[in-house]
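The values are calculated or read from the model by the stated rules, or taken from the named source; none is laboratory data. Keep in mind the model is a prediction, meaning the values are calculated, not measured. Note: ideal-geometry Cβ built from the backbone for every residue, glycine included; neighbour counts use all protein chains shown. Calculation scope for accessible area: heavy atoms of the full protein, side chains included, ligands and nucleic acids excluded. Shrake-Rupley method; radii C 1.70, N 1.55, O 1.52, S 1.80 Å.
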Amino acid sequence: MIQNQTRYAIVVAGGAGTRMGAKIAKQYLPIGGKPVLMHTLARFYALDPAIQLRLVLPEGDFSFWRSLCESHGFTLPHQLVKGGTSRFGSVRNGLDSISEESGLVAIHDGVRPFVDGQVILRSYEVAADVGSAVAVVPLKDSIREMQGPDTSVFRDRGQFRLVQTPQTFQLSKIKAAFAAGEQDFFTDDATVYEHMGWEVCLIPGNPENIKLTSPEDLDYSNYLLTKKDGGI
């Protein structure tokens, strides 16, 4: 049960976003008239204003972010945390900013502004019961595994899932996992958790919860914002 557990959310936004071809990092680019990150933070706040938000940014971006907040009248409460030299380091810094050892924490990509509130809620509920909850969606396309430069074999797409965020955990467990140190094969927070020998629990994500990477993603984002339930 989550009623008596403090809920945290660590929103990680340390990338440069070079594939966007923009002068500023993709997390600060506007969609619907506001920077991407403001939409992302608002998703968690709209679910429950009591969720304690941590926003992990490169330290050199703190002043720029504060100026964006001022110019957009963005007053949603959140705590800035200095990013690390890798995503692992950034998440670890976010976890270290939480002094408590118990509770629930959702770790979310800052450039996924369309996560559904019910996915966030379900992630907290499941993590409270079993330790972890990782949002995933089925594959739509056929897949093949490369076995050499020119050879490949078919794989059943039904046996695979695309991993999204949030990835939500019992705070004490994910803190212990990150304290154990970084490994080259870690690809996300679930991998760090799994490396401790704990099972990762999957929950359904929402298809709109894409990670904004290319200019085409910005076009899609603005389309989603025009939909009846897409606005934030």
Q: Determine whether region 124-134 contains at least one residue that is of a type in the set (Val, Ile, Thr) and more than 15 Å from ILE10 (Cα to Cα).
A: yes
Looking across region 13-28 at residues that are open to solvent by less than 20 Å² (accessible area, probe 1.4 Å) and within 19 Å of HIS78 (Cβ to Cβ), the single one that is modelled with the lowest pLDDT is ALA25
Just one listed residue, out of GLU125, GLU101, GLU145, GLU70, is in a strand (DSSP E or B), open to solvent by 60 Å² or more (accessible area, probe 1.4 Å) and among the charged types (D, E, K, R), and it is GLU145
Selection over region 164-209 where residues are in contact (Cβ under 8 Å) with a residue 24 or more places away in the chain, within 20 Å of SER123 (Cα to Cα) and either open to solvent by 40 Å² or more (accessible area, probe 1.4 Å) or outside any loop (DSSP other than H, G, I, E, B) (or both) yields a count of 25
- Query: Is it fair to say ALA190 is touching a helix residue (DSSP H, G or I) at 6+ places or on another chain (Cβ under 6 Å) and within 30 Å of ASN93 (Cβ to Cβ)?
  - Reply: no
If you go through GLY84, GLY89, GLY60, the only one that is touching a residue at least 40 places away in the same chain (Cβ under 8 Å), surrounded by fewer than 18 Cβ atoms within 10 Å (Cβ to Cβ) and out of contact with any strand residue (DSSP E or B) (no Cβ under 6 Å at 6 or more places or on another chain) is GLY89
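Within region 138-153, is there a residue that is basic (Lys, Arg) and within 30 Å of ILE98 (Cα to Cα)?
no
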